Structures are given as C-alpha cells and as structure tokens.
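Below is one structure; the comments refer to it alone.
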Amino acid sequence: GQSLEQPSEVTAVEGAIVQINCTYQTSGFYGLSWYQQHDGGAPTFLSYNGLDGLEETGRFSSFLSRSDSYGYLLLQELQMKDSASYFCAVRPQAGTALIFGKGTTLSVSS
Amino acid sequence: EPEVTQTPSHQVTQMGQEVILRCVPISNHLYFYWYRQILGQKVEFLVSFYNNEISEKSEIFDDQFSVERPDGSNFTLKIRSTKLEDSAMYFCASSESIGAYEQYFGPGTRLTVT
C-alpha cells in the first residue's frame, strides 16, 4: 500500500519556527510536495522537492531525504495567518495522482 | 492570475440521484484531476484525465463515477446514483504538463447526500 505519516497537530506562537515531518512509503516516488489548506478550502501548493536537500521559498522551506523516505516543511517567523492544515503529498509517477498524508493542523497563537 | 473554478459550490441531493460536478481548469493546462475530501479527513485521489481519456483512477472511482470533457473548457464528474458516503468536498485540479509538479486546485464543491 501507500502511506504517508505526519503529526496530526502542532501548536506554536507567533514568531516561532515549526517543523512538520513526513515519512512516506509508496510504490514509486516522483517528488514530495506540501500543500496548505485553510478551513477546508482549496489546497494550495507551497513547496516541492524532487531531489535531496533543502528548498527555500520565503518563510517556508522544505527538505527531502529520499534514502530515508523522509521530508519536512519548515515554517519560520510564524504568523497567525499560518494557522491551517498542512499536507505532504507524494506523486508515485510523473503526471499522475498526488497521494496525500492525513494532514497536520497548525495552530499559531499570539 | 489564472485559477480553477468549480460549480456549484454546494450541492444537496437525495440518495440514488445523479449529480454532475463541473470544473473549468486553467486554460493551458493539459492534465486534470478529481479529488475528494470527507470532512476532517485527508484529500483522496479519484481520477486523472489527459488527452480525453482517463489516465489513472483509484479504487474509489468505481462504475458509479464517470468523467468527461464535453468541450474545450469544462471538465465534469458525474456520480450516477449517489450514496450517503459520497458526501464530501470534491476538488478539481489541473496541471500544466506531465512534468509539472504543481497541481492547482479549485475551491471545491461540497456534496451533501441525504
């Protein structure tokens, strides 16, 4: 089967740094993506890792280790608006479905 | 900025009825997808569509489901005989090419089956 594991909830305060981990076990691997979802709205793309290493996009960074089947999303300088659900997702093959994890609910408090 | 649109935003139907959910993908995108999300759960893949045919489907996408691209802009998901467990948010997504890693999601249609 295909599975992605991530923590169900994370809490943090404004200005802090938080890391959301994701481990995966899938039939193939064409990259790890991260999506943000506010209140059941449209998932929006945050970051993608196709190769090992760190990708940085503003306050958000994502890391991948293919040998460990592991990745994480790092959110810096947290803001209240970052309170949302964060999903890691794997594409087993190019041009096909995204397999999502169950999501991590991030709550940012002041 | 181009975006994926979906209609209706909310659909209420009785068990056993047929529903059609509509999506307009981003105009220059070639790959189209349907996902669903039962309340409080993860997003689940249903089907992908390319070059006017299904390229991949999940176990959820059984004979009750069908997809169609009736014209150059719309992409539809039909559920022939709805069941209570079909109640979910249905998201349409599109991507530019086979190598594109970003999928753009629409705002979703909340389907409620009573």
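Read-outs throughout are calculated quantities, based only on the coordinates presented, and are distinct from any laboratory measurement. Note that the coordinates shown come from a computational prediction; the quantities given were computed from them, not determined experimentally. With ideal geometry, Cβ positions are generated from the backbone for all residues, glycine too; neighbour counts draw on all protein chains shown.
Taking a point 7 Å from the Cα of B:ILE98 along the Cα-to-Cβ direction, the residues of region A:69-110 with backbone N closer than 13 Å to it are A:93-96.
Sequence-ordered 3J(HN,Hα) estimates for region B:4-13 from the Karplus curve with 6.51, -1.76 and 1.60 and θ = phi - 60° stand at 7, 10, 9, 9, x, 7, 9, 10, 10, 9 Hz, glycine and proline given as x.
Take the Cα of A:THR23, step 7 Å toward its Cβ, do the same at A:ARG59, and the gap between the two points is 3.0 nm. Over the C-alpha atoms of region A:1-62, the Rg to Rh ratio, Rh being the Kirkwood estimate, stands at 0.96.
Size descriptor for chain B, Kirkwood hydrodynamic radius: 14.0 Å (Cα pairs only, one decimal). Local charge for B:PRO8 was computed over the other residues whose Cβ lies under 12 Å away, with Lys and Arg +1 and Asp and Glu -1, and equals +2.
Hydrodynamic radius of the protein assembly as shown by the Kirkwood approach over all distinct alpha-carbon pairs: 18.0 Å.
Sorting check: for B:106-113, B:4-11, B:84-91, B:57-64, which peptide has the highest mean count of neighbouring beta carbons within 10 Å, and how do the rest follow?
Details: B:106-113: 19.8, B:4-11: 15.0, B:84-91: 18.2, B:57-64: 13.2.
So the peptides B:106-113, B:4-11, B:84-91, B:57-64, ranked by packing, come out B:106-113, B:84-91, B:4-11, B:57-64.
Taking 25 °C and 0.890 mPa s as the conditions, I'd like the Stokes-Einstein D for region B:53-97 in µm²/s, using the Kirkwood hydrodynamic radius from alpha carbon pairs. Reported coefficient: 200 µm²/s.
Other residues whose C-beta falls under 11 angstrom from the C-beta of B:SER27 contribute a net charge of -2, scoring Lys and Arg +1 and Asp and Glu -1.
How big is D, in µm² s⁻¹, for region B:6-45 by Stokes-Einstein at 20 °C and 1.002 mPa s if Rh is the Kirkwood radius over C-alpha pairs?
The diffusion coefficient I find is 170 µm²/s.
When Rg and the Kirkwood radius Rh are both evaluated on Cα atoms of chain A, their ratio Rg/Rh stands at 0.96. Electrostatic tally near B:TYR50: other residues with Cβ closer than 15 Å to its Cβ, Lys and Arg +1, Asp and Glu -1, net -1. Label separation (B:GLN41 vs B:ILE54): 1.9 nm, computed from points 7 Å beyond Cα along the C-beta direction.
Could you quote the convex hull projected area for region A:52-110, Cα atoms only and averaged over all directions, in nm²? Working shown, then result.
On the way: hull surface 19.9 nm².
For the Cα atoms of region A:52-110, the hull's average projected area reads 5.0 nm².
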